[in-house]
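Visitor: Quick one: structure below, then a few questions.
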Amino acid sequence: MTRRTQLELARDLDKVLFSAEQIAARVRELGEQVAQDYADRPPLLVGILCGCFPFLADLVRSIDLPLRVDFMGLSSYGDDTASSGVVRTTKDLERSIEGEHVLVVEDIVDTGLTMRYLLDNLRTRRPASLEVCALLHKPGPQALPVRYVGFPCPDAFVVGYGLDYAGRYRNLPMIGSLRSHAR
Ligand code: PRP
């Protein structure tokens, strides 16, 4: 992306919450932590499409361990800024996770609806262990076990680095809150 395109897209942001440099540094730390914790049991990373793709791509390259990757597609926001309350599966895993050390990789845990649905679903498939790594976590009443958190997320509608509004802004290298005129 050229600097010009980046600036044009970033103009729709109210505020940059996490710069590309901050994200890169934190993702490296998360990768090192995961590598330490899984040193004796190579993990299977399960990325949740679509929002996870930049985070997962950077995270796997920061984990100095043999690992494998699979994907699930889940959607609940559609083109809206509020959750529809219904989680739709758009893609299932390619393989069984029975006996695997599964680490779910998400861009954001917001209301927690998606993650609760996902964890309930994955537990029935009998993984050896099941943990969550989310780049952003909105503090709230969800009480979900998110083992690895990149940043606590302020209460705003956030876009960039995989996070979208109506499919846009996923390619911004930073994360910011979206101006109301852009919605
Ligand atoms: C986003 C995000 C999470 C979910 C979090 O997905 O990627 O999966 O919402 O929100 P929640 O905690 O309130 O459930 P979305 O439905 O927007 O699909 P996308 O990843 O394809 O953008």
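Visitor: Which one of the conditions (1) of a type outside the set (Phe, Trp, Tyr); (2) surrounded by 17 or more Cβ atoms within 10 Å (Cβ to Cβ); (3) more than 16 Å from the chain's Cα centre (by Cα); (4) in a loop (DSSP other than H, G, I, E, B) does Leu122 fail to meet, given that it meets all the rest?
Guide: (4)
Visitor: For region 11-41: of the residues being surrounded by fewer than 16 Cβ atoms within 10 Å (Cβ to Cβ) and within 24 Å of Arg183 (Cα to Cα), which is modelled with the lowest pLDDT?
Guide: Checked region 11-41; the qualifying residue modelled with the lowest pLDDT is Arg11.
Visitor: Out of Asp79, Asp40, Asp64, which single residue is within 10 Å of the ligand (Cβ to nearest atom) and more than 16 Å from the chain's Cα centre (by Cα)?
Guide: Asp79
Visitor: Give the residue that is farthest from the ligand (Cβ to nearest atom), with candidates limited to residues of region 45-58 that are in contact with a Lys or Arg (Cβ under 9 Å, 6 or more places away or on another chain) and in contact (Cβ under 8 Å) with a residue 40 or more places away in the chain.
Guide: Leu45
Visitor: Consider Leu163 carefully, then state whether it is within 20 Å of Leu93 (Cβ to Cβ) and under 16 Å from the mean Cα position of the chain (by Cα).
Guide: No, not satisfied.
Visitor: Any residue in region 66-91 that is without any contact (Cβ under 8 Å) to a residue 12 or more places away in the chain and within 15 Å of Met115 (Cβ to Cβ) sitting within a Cβ distance under 7 Å of a residue that is within 10 Å of the ligand (Cβ to nearest atom) and part of a strand (DSSP E or B)? List the pairs, counting only those 6 or more apart or interchain.
Guide: Matching pairs, first to second residue: none at all.
Visitor: Here is a further query. Among the residues of region 32-54, which ones are hydrophobic (A, V, I, L, M, F, W, C) and in contact with a strand residue (DSSP E or B) (Cβ under 6 Å, 6 or more places away or on another chain)?
Guide: Going through region 32-54, the residues hydrophobic (A, V, I, L, M, F, W, C) turn out to be 34-35, 39, 44-46, 48-50, 52-53.
Residues satisfying the conditions are Leu44, Leu45, Val46, Ile48, Leu49, Cys52.
The rows are residues; the columns are (1) more than 11 Å from the ligand (Cβ to nearest atom); (2) of a type outside the set (Lys, Arg).
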{"site": "Gly140", "(1), (2)": "no, yes"}
{"site": "Ala143", "(1), (2)": "yes, yes"}
{"site": "Gly150", "(1), (2)": "yes, yes"}
{"site": "Val158", "(1), (2)": "no, yes"}
{"site": "Arg170", "(1), (2)": "no, no"}
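Visitor: Something else: What number goes with the only condition from (1) part of a loop (DSSP other than H, G, I, E, B); (2) within 14 Å of the ligand (Cβ to nearest atom); (3) touching a Gly at 6+ places or on another chain (Cβ under 7 Å); (4) closer than 22 Å to Asp37 by Cβ that Val105 does not pass?
Guide: The single condition Val105 does not satisfy is (1).
The values are calculated or read from the model by the stated rules, or taken from the named source; none is laboratory data. Given the structure is predicted, the values throughout are model-derived calculations rather than measurements. With ideal geometry, Cβ positions are generated from the backbone for all residues, glycine too; neighbour counts draw on all protein chains shown.
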